[in-house]
Amino acid sequence: MKKAAALVTGASRGIGRAIAIQLAQDGFFVGVNYVRHCEAALEVVELIAAAGGQAIAAQGDVGLDEDRRQLIQRMLDVSGRLDVLVNNAGITSPGRRDLLDLTPESWDQVLGTNLKGPFFLSQCCAREMIRLVEDGVQPWGVIINISSISAYAVSRNRADYCIAKAGMQMMTRLYAERLADHNINVYELRPGVIASDMTEPVREKYDRLIEEGLTPIRRWGQPDDVALAVSAIAKRSLPFSTGECINVDGGFHIRRL
């Protein structure tokens, strides 16, 4: 039987990069998806190869239907199976406009990448996972959706982003219920304040908030924190859980008096 395979979207940098490297360490053949940052994706592939793992760089915009189909087909052509899909690719709200100034163009762009893209990539992937499980090529499948604390913590200058992330929770539950009979489990991971390119412009703000006690664990989250949670799920350490949301947020979700 061929090595288990995982496709990680938006894997050239930040959280996706850490996830791809961790899954390779776990023994998965990894598809390192990217849109524009080819050199960064190839660097991830080289790091994985240097450590004895296997990976390919796979270009594709999850917001585009044809790219989604090609991504799945590329993985199948190279690995022969697809055990894990990690929907990590995402963009922030362009310009971070107040919600009263939000434009339809921004809405379409953000929801196209952050919600529509993962939904229909999961659909395409699920169809293939069902076939592969029924044919005995692989024993199970896992879909992991990387959400955000913005699913419930409002940012009025990122309304489109918040709504897209909130939608991921229902998307996770829908796919979890639909795919359970096929031995395919679906999860939502909800990172908190994670050090990345996306949060770099607001580093000073969050340095102050974390110091003041924004989270019980008073430090920035790191991409590796998310990658380790993905690793546990991808290795089927939670086989009797599906549709679950796992917070990776330093305790931000805890309501305190």
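Quick look at the values:
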| read-out | value |
| --- | --- |
| Among (1) aliphatic (A, V, I, L, M); (2) crowded, with 19+ Cβ neighbours inside 10 Å; (3) modelled with pLDDT under 95, the one test that VAL202 misses | (2) |
| Close pairs (7 angstrom Cβ cut-off, 6 or more residues apart or separate chains): farther than 19 Å from PRO94 by Cα in segment 150-176, open to solvent by 30 Å² or more (accessible area, probe 1.4 Å) and aromatic (Phe, Trp, Tyr) anywhere | MET171/PHE119 |
| Segment 38-66 - residue that is in a helix (DSSP H, G or I) and touching a strand residue (DSSP E or B) at 6+ places or on another chain (Cβ under 8 Å) and, of those, most open to solvent (accessible area, probe 1.4 Å) | LEU42 |
| Checklist (1) without any contact (Cβ under 8 Å) to a residue 60 or more places away in the chain; (2) of a type in the set (Asp, Glu); (3) surrounded by fewer than 15 Cβ atoms within 10 Å (Cβ to Cβ) applied to GLU188, failing item | (3) |
| Selection from segment 1-37 of residues that are open to solvent by 10 Å² or more (accessible area, probe 1.4 Å), over 30 Å from GLY136 (Cβ atoms), of a type outside the set (A, V, I, L, M, F, W, C) and assigned to a helix (DSSP H, G or I) | GLY14, ARG17 |
| Single residue of ARG178, ARG131, ARG158, ARG173 found to be within 30 Å of LEU214 (Cβ to Cβ), open to solvent by 10 Å² or more (accessible area, probe 1.4 Å) and out of contact with any Gly (no Cβ under 8 Å at 6 or more places or on another chain) | ARG158 |
| ASN145, sole failed condition from (1) under 29 Å from GLY80 (Cβ atoms); (2) open to solvent by 20 Å² or more (accessible area, probe 1.4 Å) | (2) |
| Residue list for segment 207-223, restricted to those being open to solvent by 50 Å² or more (accessible area, probe 1.4 Å) and either among the polar types (S, T, N, Q) or touching a residue at least 24 places away in the same chain (Cβ under 8 Å) (or both) | PRO216, ILE217, ARG218, ARG219, GLN222 |
| Where a residue in segment 195-206 is on the phi < 0 side of the Ramachandran plot and its partner, wherever it lies, is polar (S, T, N, Q), with Cβ under 8 Å and at least six apart | ALA195/GLN222; MET198/THR92; TYR206/THR199 |
| Whichever residue in segment 67-114 is more than 30 Å from GLN138 (Cα to Cα) and among the acidic types (Asp, Glu) and, among such residues, is least open to solvent (accessible area, probe 1.4 Å) | ASP98 |
| Some residue of segment 62-78 being out of contact with any helix residue (DSSP H, G or I) (no Cβ under 8 Å at 6 or more places or on another chain), more than 26 Å from ARG190 (Cβ to Cβ) and basic (Lys, Arg) | yes |
| Residues that are open to solvent by 60 Å² or more (accessible area, probe 1.4 Å) and over 14 Å from ALA6 (Cβ atoms), drawn from segment 224-237 | ASP224, LEU228, SER237 |
| Sole exception among (1) without any contact (Cβ under 8 Å) to a residue 24 or more places away in the chain; (2) in a helix (DSSP H, G or I); (3) under 16 Å from GLN169 (Cβ atoms) for PRO118, by number | (1) |
| Unmet criterion (only one of (1) surrounded by 12 or more Cβ atoms within 10 Å (Cβ to Cβ); (2) over 22 Å from the mean Cα position of the chain (by Cα); (3) assigned to a loop (DSSP other than H, G, I, E, B)) for ARG255 | (1) |
| Evaluation of GLY95 against (1) at pLDDT 95 or above; (2) within 27 Å of GLY112 (Cβ to Cβ); (3) in a helix (DSSP H, G or I) (one fails), failing number | (1) |
| Residue in segment 148-159 that is of a type in the set (A, V, I, L, M, F, W, C), under 27 Å from ALA4 (Cα atoms), at pLDDT 95 or above and in contact with a strand residue (DSSP E or B) (Cβ under 8 Å, 6 or more places away or on another chain) present | no |
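The values are calculated or read from the model by the stated rules, or taken from the named source; none is laboratory data. Quick caveat, the model's predicted, so the values are computed rather than measured. Backbone-built Cβ (ideal geometry, glycine too); neighbour counts: all protein chains shown. We work out accessible area using only protein heavy atoms, side chains counted, and drop any ligands, DNA or RNA first. Shrake-Rupley method; radii C 1.70, N 1.55, O 1.52, S 1.80 Å.
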